[in-house]
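Please read the structure below before turning to the comments.
The values are calculated or read from the model by the stated rules, or taken from the named source; none is laboratory data. Predicted model, so just to flag it, every value in this text is computed and none were measured. With ideal geometry, Cβ positions are generated from the backbone for all residues, glycine too; neighbour counts draw on all protein chains shown. When the accessible area is computed, the model is the full protein with side chains, heavy atoms only, and any ligands, DNA or RNA have been set aside. Shrake-Rupley method; radii C 1.70, N 1.55, O 1.52, S 1.80 Å.
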Amino acid sequence: MINHEEEGKKFLDTVMYYYEKAAKHTGLPEGMLEQIKICNSVYKVSFPVEIDGEVKTFEGIRVQHSHHKMPTKGGIRYSVYVSEDEVKALATLMTFKCAVVNVPFGGAKGGMKISPRNSSPKLLEKVTRRFATELIKKNLIGPSLDVPAPDYGTGAKEMAWIADTYMTFNYGNTDAQGCVTGKPVGLGGIRGRTEATGLGTYFGIRECVSFKEDMTKIGLEAGVAGKKVIIQGFGNVGYHSAKFLEEDGAIIIGVAEYEGGTYNENGLNVEELLKYRTENRTVLDFPGGQNVEDSISMLEMPCDILVPAALENQIQEHNADKIQAKIIAEAANGPITQKAEEILLKKNKLIIPDLYLNAGGVTVSYFEWLKNLSNVRFGRMGKRAEEKSYNRIVDFVERITEKKLDTRERTIITQGADEEDIVRSGLEDTMILAYREIREAMMQNPDITDLRTAAFYVAIRKIALSYEMMGIFP
Ligand code: NAD
């Protein structure tokens, strides 16, 4: 049986190992490195909730890993297996993830010991509102303090309950909606959040494979088009990663789910597979593919890019040697264990780390927070003005060329950017710049030979700079 406390400790140890591995290249003083590493505050709370005449006690935790930038930011997960070390590990990762993609937040994470599956909506609402109240009591939530988001077992509904509770206690505060992200669009959420992590994964992979010299080193051509891809986990992140990669010409040859996989060396049709899975609740027997017995054996099949987008610890010491993909793109958090990583790196595999690759979610959450603070939808002020100037340009070109565009062509050319366009553009820019920074760090430090160490290195240095500027560490 899995010991979840031990698993949490293992996860925290792994994060610390990656941190130490990168920290030693920074040349920063010990005291500074210790401060950047440790969790700044941990708050544990128990409270009673009455349900159907019975009173039950629930335990919640909120970890704020780093206050070098405020607010702190990170999801709240609902699971009976939540452990303190697991939440600490996730909060720590959030700090470095935000730093890598230049999102000006410190890292945080929360957890509540509750089974979302076995709890009624009424109980979930009561527990969520009470947890939010406990956080409000201690000043541990607020647009400029700490901003939760959805995580495992929570979604837009829980975020709406948290926002409503916070707004009730902060009546008249026009920034109040920014106390939490991942809300429904009608309550201050943002368009483009649903696909953000998968789209960010695609942008990250595209940037990585665009460097010809890096691809040559691992025996691949540059570019997404024609790359054979296997995806593990066809949920939010897996599906969107597959969709955007396919749109850019990649061939999705395999998709693995917990019940097994479907494979077609000429390519699966991602939309048809989604439709099939929604109708049949499985990817097995998909008419466009052949069944593969289990999810783990799919990881070991030949391909150019493997995208684990399901769970942590999927590639371990015992199967790392069998991975044939040349690039492993970590869309999930922690899919490769520390020992497995050593094996993969020795075999010249290129690992695009979770820390960077799945940061699209927090990046777009940042945009949602900005939207809430400015109280205006992105695109509202400029869209029509943009369209007018594009129309003036088209009118001019039509006049001098004496050629007329049809209505459809004109609409495509003159359309102004709406919220989704702006969010996607911001995400694309973020993922491109962050990858270049990580790559640059590798090029300037020949001792750093993998992207994960480089990403941690970049993040540690940015956080150190904040402390230096505060004058805490001269
Ligand atoms: P999800 O629940 O929508 O999808 C996960 C999918 O994986 C599900 O379809 C599930 O059936 C499948 N799965 C479960 N066990 C499996 C197994 N053994 N083999 C193959 N497939 C399996 O979750 P998601 O939001 O897509 O998140 C996936 C991963 O990405 C997680 O590690 C999560 O922490 C990480 N992540 C998600 C976001 C986000 O914005 N959603 C952001 C950052 C990181």
When every protein chain stays in place and a 1.4 Å probe is rolled, Leu274, Leu12 sorted by accessible area with the largest first are Leu274, Leu12
Could you give me D for the stretch 87-130, from Stokes-Einstein at 10 °C and 1.306 mPa s, where the hydrodynamic radius is the Kirkwood radius over C-alpha pairs? Units µm² s⁻¹, please. 129 µm²/s
With r as the distance between the Cβ atoms of Ala225 and Ile412 and R0 = 22 Å, compute the FRET efficiency 1/(1 + (r/R0)^6) and round to 0.05. 0.45
Over the chain, with a single point scatterer placed on each C-alpha, what log10 of the ratio I(q)/I(0) does the Debye formula yield at q = 0.07, 0.10, 0.12 1/Å? -0.39, -0.79, -1.12
For Lys137, give me every one of the lysines with a C-alpha distance below 16 angstrom, ignoring sequence neighbours fewer than eight places off in its own chain. Lys44
Give me the dipole magnitude in Debye, nearest 20, for the chain about the Cα centre, with unit charges on the beta carbon: positive for Lys and Arg, negative for Asp and Glu. 1240 debye
Determine which lysines satisfy two conditions relative to Lys404: a Cα distance under 24 Å, and not lying fewer than 8 residues away in the same chain. Lys383, Lys388
Excluding ligands and nucleic acids, what accessible area in Å² is computed for Leu465 using a 1.4 Å probe, to the nearest 10? 90 Å²
Surpassing 27 Å at the alpha-carbon level, of the pairs Lys212/Lys243; Lys10/Lys122; Lys212/Lys349, are Lys10/Lys122
Just read off the accessible area of Phe396 with the full protein assembly in place, 1.4 Å probe, to the nearest 10 Å². 100 Å²
Express as a percent, rounded to the nearest 5, the fraction of DSSP beta bridges in the chain (both residues included) that run antiparallel. 50 percent
Paramagnetic reach from Arg377 (point 7 Å along Cα→Cβ, amide N under 15 Å) across the stretch 173-193: 184-193
Pairs of Cα atoms under 8 Å, at least six residues apart: use those to get the relative contact order of the chain, whole percent. 15 percent
Among the complete DSSP H segments of the chain, which ones combine at least 18 Å of alpha-carbon extent along their axis with a mean Kyte-Doolittle hydropathy of 0.0 or more? 84-100, 156-169, 196-209, 360-374, 451-470
D for the stretch 380-419, whole µm²/s, Stokes-Einstein with Kirkwood Rh over alpha-carbon pairs at 25 °C and 0.890 mPa s: what number? 233 µm²/s
Relative to the Cα centre, what is the charge dipole magnitude of the stretch 56-205, using +1 at the beta carbon of each Lys and Arg, -1 at the beta carbon of each Asp and Glu, and rounding to the nearest 20 debye? 220 debye
Sequence-distant lysines (8 or more away, or on other chains) whose Cα lies within less than 17 Å of Lys69: Lys37, Lys97, Lys109, Lys462
Per-residue SASA entry for Met215, accessible area with 1.4 Å probe, Å² rounded to 10: 0 Å²
Debye log10 I(q)/I(0) for the stretch 196-357, one point scatterer per Cα, at q = 0.09, 0.11, 0.17 Å⁻¹: -0.25, -0.37, -0.93
Here the relative contact order (percent) of the stretch 61-151, from C-alpha pairs under 8 Å and at least 6 apart, is 41 percent
Please give the Cα centre distance for the stretch 230-284 versus the stretch 75-118, rounded to the nearest Å. 28 Å
Taking amide H atoms as placed 1.01 Å from N in the peptide plane, list the residues 5 or more away in sequence, or in a different chain, whose amide H sits under 5 Å from that of His67. none
By accessible area of protein heavy atoms, probe 1.4 Å, what ranking do Tyr17, Tyr457, Tyr258, Tyr356 get, highest first? Tyr258, Tyr17, Tyr457, Tyr356
The chain, helix-only ellipticity at 222 nm - DSSP H runs n ≥ 4, -39,500 (n - 2.57), divided by all residues, nearest 500: -15000 deg cm²/dmol
Express the carbon and sulfur contribution to the solvent-accessible surface of the chain as a percent, rounded to the nearest whole number, probe 1.4 angstrom. 51 percent
On a 1.4 Å probe surface of the protein chains, which of His68, His318 comes out largest in accessible area, and what is the full order? His318, His68
Rounded to the nearest whole number, the Stokes-Einstein translational diffusion coefficient of the stretch 4-187 at 37 °C and 0.692 mPa s (Kirkwood radius, C-alpha pairs) in µm²/s is 194 µm²/s
Convex hull over the Cα atoms of the stretch 329-474, averaged projected area in nm²? 14.8 nm²
Show me, for the stretch 147-153, the HN-Hα J-couplings you get by feeding each phi into the Karplus relation (A = 6.51, B = -1.76, C = 1.60, θ = phi - 60°), rounded to Hz, glycine and proline as x. 10, x, 7, x, 8, 3, x
Just the accessible area per residue of the chain, please: how many Å² with a 1.4 Å probe? 46 Å²
Tell me the label-point distance for the pair Glu468, Glu402, using the 7 Å Cα-to-Cβ offset, in nm and rounded to one decimal. 6.4 nm
